[in-house]
Amino acid sequence: MAKPGIKVFAPASVANVAVGFDILGFALEKPGDEIIIREGSQPGLVISDIQGAGGKLPRDIMKNTAGYSAWRLMEHLGETKRPVEMEIHKKMPFGSGLGSSAASAAAGVFAMNEYLRTGLSKHEILKFAVEGEQIADGAYHADNVGPSLLGGMVLIRDNISLDLKKLHVPAGLCVAVIYPHIEILTRESRGILRKEVAFADVITQTGNLGAFVAAMYTSDYDLIARSLQDVLVEPQRAHLIPGFYEMKQAALSAGALGFSISGAGPSMFALCDNTLKAESVIEGAERLYKLKKIGITTYFSKINQEGAIRF
Ligand code: HSE
């Protein structure tokens, strides 16, 4: 019989949030990944089981986002000979734009941190989770991993030093998420982005980001609505998502404050100032994608302030 272990959950997240490409993201209440860590039978970290991934994820800890993030923490502590076994339960879709690999990376390092009782804070172990996620998309950014581990709406001033701030979130803020059942790989969705953008667009985007942050602190929903406009990345990625602009129109007509692509897509999110409007966005999505004969999964959530938890 397997030894008792430590069980953790790390949530999905919405990255970019229209105005903060690679530097802004928030955590959802669900879905998310679960990881169990227990004493193993041989020195070092071994992934003993992966459930819910349809055989798509490697068990090699150097190639697995959860395994690698946990391993990097063991290395950091000089604990690489500790016999540890990890079970991964994927409970969210891949390539969905909801930070699936980030949730695994956050859960992996958080579980190991709890198991080893290091006393390190979530912020102190964040870099190992970012390194874990980097295996999946090749880039070093914490806009999914940050919220998945720490919870909340996270603004990253600098991805290298991981200088970040959890923003104030107005009490009523909630989100409708629409995940159309197509797969977009982050690596590819990043690959299509232009390396240079127009100066005028940078001015617009920085104005929107600054105003969005100010609006969060003052619970100014009208200003949130005026700010949530992405002139840099959304126009370059929208064509990857069937029905994106129709869905955006429907969401804004249903009263959403703003609507854009979640991370690298294909999921989309609508921030709303109340539950009824979020429900109405979800109903609109169900109607639209039924007509288009594209399956969707929808999620309603508040901003999850806890991030990774032990349960
Ligand atoms: N900021 C990232 C992107 C999130 O949009 O490419 C997905 O990893």
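The values are calculated or read from the model by the stated rules, or taken from the named source; none is laboratory data. Since the structure is predicted, the reported quantities are computational estimates derived from the model, not experimental observations. Backbone-built Cβ (ideal geometry, glycine too); neighbour counts: all protein chains shown. With ligands, DNA and RNA removed, areas are computed over all heavy atoms of the protein, side chains included. Shrake-Rupley method; radii C 1.70, N 1.55, O 1.52, S 1.80 Å.
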Using R₀ = 41 Å, calculate the FRET efficiency as 1/(1 + (r/R₀)^6) where r is the Cβ-Cβ separation of residue 46 and residue 157; round to 0.05. 0.65
How much accessible surface area, in Å² rounded to 10, belongs to the heavy atoms of residue 240 with a 1.4 Å probe? 60
Which of the trypsin sites (Lys or Arg not before Pro) found in segment 166-218 are loop residues per DSSP with 12 or fewer other Cβ atoms within 10 Å of their Cβ? 194, 195
Here the tail fraction of P(r) beyond 12 Å, over all Cα-Cα pairs of segment 95-141, rounds in percent to 59
Ratio of alpha-carbon Rg to the 2.2 N^0.38 Å globular estimate for segment 16-120, to two decimals, please. 1.11
Can you pull the accessible area of residue 311 for me, 1.4 Å probe, Å² to the nearest 10? 120
Added length on full extension, which subtracts the Cα-Cα distance from 0.36 nm per residue, residue 219 to residue 188: 7.6 nm
Reciprocal of mean inverse Cα separation for the chain (Kirkwood radius, Å): 19.5
Hey, what's the per residue convex hull volume over the C-alpha atoms of segment 174-302, in cubic angstrom? 102
Taking 0.36 nm per residue of sequence separation and subtracting the Cα-Cα distance, how much length would be gained by fully extending the chain between residue 167 and residue 91, in nm to one decimal? 24.6 nm
Within the set 248/290; 127/195; 91/165; 56/90; 127/166, which residue pairs have Cα atoms separated by over 22 Å? 127/195; 91/165
Roughly what would the spin-label model give for residue 62 and residue 287, points 7 Å off Cα along C-beta, in nm? 5.4
Would you tally the net charge around residue 156, using a Cβ to Cβ cut-off of less than 11 Å, leaving residue 156 out, and scoring K and R as +1, D and E as -1? -1
The FRET efficiency for residue 253 and residue 114, from their Cβ-Cβ distance with R0 = 41 Å and rounded to 0.05, is 0.35
